[in-house]
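Novice: I'd like to ask some things about the structure below.
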Amino acid sequence: MRRRPRRNRSSVAIRAMVEETQLSTANLIYPMFIEDGKSVKTEIKSLPNNYRWSLDTILPEIESCINLGLDKFVLFPAVNESLKDKVASYSYASDNFYLDAIQKIKENFPQISLMSDVAMDPYSSDGHDGFVQNGEILNDETLPILAKMAIAQAQAGIDIVGPSDMMDGRIGFLRDSLDEAGYSNTSIMAYTAKYASAFYGPFRDALDSAPKGGDKKSYQMNPANKQEALIEAELDYQEGADMLMVKPATCYLDIIHILKENFDIPITAYNVSGECAMIYAASQNGWLDYQAAMSEMLLSIRRAGADGILTYFAKDFAKFTK
Ligand code: PBG
C-alpha cells in the first residue's frame with residue numbers, strides 16, 4: 001500500500017493542519033425571542049434552554065453573550081393575540097414594543113449586528129406570513145405591508161432585515177422601499193430557499209404563531225425541490241439581496257452547497273428550532289453527547305458552504321469554545 005490516508009490523521013498536530021473546515025463563534029447568529037412586559041424569562045417548553053425575554057431581561061443576557069464573543073443576533077417578537085389583525089398593523093405601530101426593543105438594544109450595544117424578521121405571521125390574526133383573503137395568501141397585497149414593517153425596523157436601527165415570508169418579488173420591493181425612505185445602508189438577508197418544513201414546530205410554540213387555518217405550502221418551498229432553490233436564489237440576487245439563506249439547514253445541506261457553488265454573495269443557513277430540539281431532547285435523555293453532537297451539526301452546515309449560521313446553539317457553542 002503506497003497510499004495510506006491514516007498517516008495524515010496520526011496526531012493532533014497533523015489533524016489540525018489538514019483540517020478543511022473552520023467554524024468559529026464569528027460564523028454564528030443567535031436567535032432570541034422577546035415579548036412586551038417586565039422581568040420575563042419564560043423557558044420555551046419544546047426548545048429547552050431558550051427563553052422568551054422582556055427588554056429589561058434581554059439586555060443583560062445580550063451582554064453576557066457579547067462577553068462570550070457573540071456579536072450577531074436575530075430578534076423575534078411574541079405578540080399579544082389582542083394586537084393581531086388581518087393586515088399586521090401592529091408591526092409598524094409607533095408604540096410597538098419590538099421596535100422599541102431594537103432601538104434600545106442598538107443604543108446599548110452599537111457594536112453588534114442586529115437582524116429582524118420581516119413576515120406577517122407574528123402580527124397576523126390569520127397566522128400566515130402574507131395577507132389572507134378567502135383562504136388565499138395574496139402576494140402583491142402583502143408587499144406594501146412588508147415594506148412598512150421593514151422601514152419601521154430600519155428606522156428603529158436594525159442592521160439587517162430578514163424577509164422570511166416567501167412572497168414573490170419582495171426583495172426588490174423592500175430594497176426600493178428602504179432606499180426611497182433613506183435606508184440604503186440597511187442590509188437584506190433573504191430567506192431564499194425556505195422550505196415548508198415540519199421542523200419549525202418549537203418556534204411556532206415560542207411565538208404562538210402557527211397558522212389558524214391551512215398550511216404554508218403555497219408560499220414556502222416543497223422539500224422535494226432543488227432546481228427551484230436556484231430560481232429563488234437568482235431572483236433574490238437580481239433583486240438586490242445582500243445574503244441568501246437556506247432554511248432549515250441540516251436536511252438541506254445539498255441546497256446550501258448548490259447555492260454556495262452558484263452565487264458569489266454570502267450564504268447563510270438557519271439551523272431551525274426543530275433541529276436543535278432533537279439534539280436537546282436526545283442529550284437530556286443521555287442518548288447523545290450535547291457538546292459533540294451540536295458542534296458536529298454546526299460543522300456540517302459550515303462544510304456544506306454556509307458563511308453564517310443562525311442557531312439556538314450559538315451561546316453554548318461560544319461558551320464551549322471560549
Ligand atoms: C416565520 C418564521 C418561522 C421561522 C422563522 N421565521 C416559522 C414559519 O415559517 O412558520 C422558523 C424558525 C425556527 O423554526 O427556528 N416567518
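The values are calculated or read from the model by the stated rules, or taken from the named source; none is laboratory data. Just so we're clear, the structure is a prediction, and the values are computed from it rather than from any experiment. Quick reminder, even Gly has a Cβ in these numbers, built from the backbone with ideal geometry, and neighbours come from all protein chains shown. Just the protein is used for accessible areas: all its heavy atoms, side chains included, with ligands, DNA and RNA removed. Shrake-Rupley method; radii C 1.70, N 1.55, O 1.52, S 1.80 Å.
Novice: Looking at segment 120-143 only, could you name the residues that are open to solvent by less than 20 Å² (accessible area, probe 1.4 Å), assigned to a strand (DSSP E or B) and either within 11 Å of the ligand (Cβ to nearest atom) or of a type outside the set (A, V, I, L, M, F, W, C) (or both)?
Specialist: Ser124
Novice: Closer than 25 Å to Tyr90 by Cβ and touching a residue at least 40 places away in the same chain (Cβ under 8 Å): does that describe Leu47?
Specialist: Considered against the rule, which asks whether it is closer than 25 Å to Tyr90 by Cβ and touching a residue at least 40 places away in the same chain (Cβ under 8 Å), Leu47 comes out as yes.
Novice: Then there's this: Out of all the residues in segment 304-315, is one or more closer than 30 Å to Asp126 by Cβ and open to solvent by 60 Å² or more (accessible area, probe 1.4 Å)?
Specialist: no
Novice: Another question, if that's okay. Given the criterion closer than 27 Å to Asp307 by Cα, in contact (Cβ under 8 Å) with a residue 40 or more places away in the chain and surrounded by fewer than 23 Cβ atoms within 10 Å (Cβ to Cβ), identify the matching residue among Ile105, Ile160.
Specialist: When all the criteria are applied, what remains is Ile160.
Novice: Can I ask one more? Can you list residue pairs whose Cβ atoms sit under 9 Å apart, with the first residue in segment 181-204 being more than 9 Å from the ligand (Cβ to nearest atom) and the second being assigned to a helix (DSSP H, G or I) and hydroxyl-bearing (Ser, Thr, Tyr)? Count only pairs 6 or more apart in sequence or on different chains.
Specialist: Tyr183/Ser177; Ala190/Tyr237; Thr192/Tyr237; Ala193/Tyr252; Tyr195/Tyr252
Conditions (1) among the polar types (S, T, N, Q); (2) touching a strand residue (DSSP E or B) at 6+ places or on another chain (Cβ under 9 Å); (3) open to solvent by less than 10 Å² (accessible area, probe 1.4 Å), marked per residue:
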{"site": "Gly37", "(1), (2), (3)": "no, no, no"}
{"site": "Val40", "(1), (2), (3)": "no, yes, no"}
{"site": "Glu43", "(1), (2), (3)": "no, yes, no"}
{"site": "Ser46", "(1), (2), (3)": "yes, no, no"}
{"site": "Val74", "(1), (2), (3)": "no, yes, yes"}
{"site": "Ser89", "(1), (2), (3)": "yes, no, no"}
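Novice: May I pose another question? Listed residues Ile301, Ile267, Ile258; which is at pLDDT 95 or above, more than 16 Å from the ligand (Cβ to nearest atom), open to solvent by less than 20 Å² (accessible area, probe 1.4 Å) and within 22 Å of Ile188 (Cβ to Cβ)?
Specialist: Residue meeting the stated conditions: Ile267.
Novice: Being modelled with pLDDT under 95 and among the polar types (S, T, N, Q) narrows it down to one of Asn8, Asn49, Asn27, so name that one.
Specialist: Among Asn8, Asn49, Asn27, only Asn49 is modelled with pLDDT under 95 and among the polar types (S, T, N, Q).
Novice: Going residue by residue through segment 54-70, is there one that turns out to be within 26 Å of Ala196 (Cβ to Cβ) and within 20 Å of the chain's Cα centre (by Cα)?
Specialist: no
Novice: Shifting gears a bit: For segment 191-230, give me the residue count where each residue is in a helix (DSSP H, G or I), open to solvent by less than 20 Å² (accessible area, probe 1.4 Å) and either farther than 19 Å from Lys84 by Cα or charged (D, E, K, R) (or both).
Specialist: Total meeting the criteria: 3.
Novice: Condition test on Asp176, is it within 20 Å of Leu59 (Cα to Cα) and either touching a residue at least 24 places away in the same chain (Cβ under 8 Å) or away from the ligand (no atom under 16 Å from the Cβ) (or both)?
Specialist: no
Novice: Considering only residues that are β-branched (Val, Ile, Thr) and touching a residue at least 60 places away in the same chain (Cβ under 8 Å), look in segment 73-92 and name the one that is farthest from the ligand (Cβ to nearest atom).
Specialist: Val79
Novice: Shifting gears a bit: Go over the candidates Leu28, Leu68 one by one and state the one that is touching a helix residue (DSSP H, G or I) at 6+ places or on another chain (Cβ under 7 Å), touching a residue at least 60 places away in the same chain (Cβ under 8 Å) and under 20 Å from Thr268 (Cβ atoms).
Specialist: Leu28
Novice: To continue, here is another question. Quick one: count up the residues across segment 93-119 that are within 16 Å of the ligand (Cβ to nearest atom) and of a type outside the set (A, V, I, L, M, F, W, C).
Specialist: 3
Novice: If you scan segment 149-173, which residues turn out to be at positive phi and either more than 13 Å from the ligand (Cβ to nearest atom) or modelled with pLDDT under 95 (or both)?
Specialist: Residues satisfying the conditions are Gly157, Gly169.
Novice: Of everything in segment 243-284, what is under 10 Å from Ala304 (Cα atoms) and polar (S, T, N, Q)? Give them in sequence order.
Specialist: Passing the criteria: only Thr250.
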